[in-house]
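First up is the structure itself, then whatever we jot down about it.
The values are calculated or read from the model by the stated rules, or taken from the named source; none is laboratory data. Owing to the predicted nature of the structure, the values given are computational and were not obtained by experimental measurement. Counting neighbours? That spans all protein chains shown, and the Cβs are built from the backbone with ideal geometry, glycine included.
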Ligand SMILES: [Zn+2]
């Protein structure tokens, strides 16, 4: 029933404000708080209990891979890697019935962009200088190195460019799922939405009493103190750090939007949020 409500509002939510979100290591969109309020009003039930089940969007989305060739003209990406990327995306977005397909692969013979420098390269590549960009699809750019930002990838959140940049060495695995999570509006588990910081520090409490407004805004992702507690222990977290109530953190080391070492799942609220983001902000995608 709520999906019907959402779909109804797709038609009238025409004045979506444009904003951008870099996937890793930056601020959240300025209107993230408004987006969250809207989410709570549409997704949350009157009792305040969030939808305990998935929303089926029944949509197949096109991905265009743009691959920068090296100075010898080699893409350094195999057919197996493209297929693995699509397969892992389909696996993790299946609960909300989002599928992905590789509708085309474009090789770009400008090897200097293979060492990606976002401030100097992104607008040239996607804009009038070269125009390597396909409207209303998910444009994924594959580069050998990320000089700026020095990350495995980044993505624009809902309302921003339909663009994800990733390393050729990372795009066929969990990095693709993480960046697609950002693409559909998910913050990091250690983000702090009250200050629009993707990098925290999170003020979410272990007892989850402030979970709707602090941290990543979700109550089924445990409070995450990253990078406090980083170490060589299993999944990269060393038990010991405490929150403001003196309670020990037990962070979501298995969550795809974390930076811990055992990423393998989204939570129900994260799926709800991504379904909401698609329905309200990215439903124009083919
Ligand atoms: Zn990230």
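Of note:
- Residue 196 under 18 Å from the mean Cα position of the chain (by Cα) and modelled with pLDDT under 95: yes
- Residue check, residue 180 at pLDDT 95 or above, surrounded by fewer than 23 Cβ atoms within 10 Å (Cβ to Cβ) and within 15 Å of the chain's Cα centre (by Cα): no
- Scan of region 243-260 for residues that are more than 16 Å from the ligand (Cβ to nearest atom) and touching a residue at least 12 places away in the same chain (Cβ under 8 Å), ordered by number: 243, 244, 245, 247, 248, 249, 250
- Residue list for region 203-218, restricted to those being in contact with a helix residue (DSSP H, G or I) (Cβ under 9 Å, 6 or more places away or on another chain) and surrounded by 17 or more Cβ atoms within 10 Å (Cβ to Cβ): 212, 214, 215, 216, 217, 218
- Matching residues, region 196-210, being more than 10 Å from the ligand (Cβ to nearest atom) and touching a residue at least 12 places away in the same chain (Cβ under 8 Å): 196, 197, 200, 201, 202, 203, 204, 205, 206, 207, 208
- Residue check: residue 131 meets all listed conditions (1) surrounded by 14 or more Cβ atoms within 10 Å (Cβ to Cβ); (2) closer than 24 Å to residue 283 by Cα; (3) more than 16 Å from the ligand (Cβ to nearest atom) but one, namely (1).
- Residue 225 at pLDDT 95 or above, in a loop (DSSP other than H, G, I, E, B), within 16 Å of the ligand (Cβ to nearest atom) and out of contact with any helix residue (DSSP H, G or I) (no Cβ under 8 Å at 6 or more places or on another chain): no
- Residue satisfying all of: in region 157-175; within 11 Å of the chain's Cα centre (by Cα), over 14 Å from residue 64 (Cα atoms) and within 12 Å of the ligand (Cβ to nearest atom); surrounded by the fewest Cβ atoms within 10 Å (Cβ to Cβ) among these: 175
- A count restricted to region 187-197 and to residues that are surrounded by 21 or more Cβ atoms within 10 Å (Cβ to Cβ) and part of a loop (DSSP other than H, G, I, E, B) stands at 5.
- Restricting attention to region 58-80, the residues that are surrounded by fewer than 20 Cβ atoms within 10 Å (Cβ to Cβ) and within 20 Å of the chain's Cα centre (by Cα) total 5.
- Scanning region 183-195 turns up no residue that is more than 16 Å from the ligand (Cβ to nearest atom) and in contact with a strand residue (DSSP E or B) (Cβ under 8 Å, 6 or more places away or on another chain).
- Restricted to region 94-123, and to residues there that are closer than 22 Å to residue 167 by Cβ and in contact with a helix residue (DSSP H, G or I) (Cβ under 6 Å, 6 or more places away or on another chain), the residue that is surrounded by the fewest Cβ atoms within 10 Å (Cβ to Cβ) is 102.
- Filter pass, residue 230 being surrounded by fewer than 16 Cβ atoms within 10 Å (Cβ to Cβ), within 16 Å of the ligand (Cβ to nearest atom) and without any contact (Cβ under 8 Å) to a residue 12 or more places away in the chain: yes
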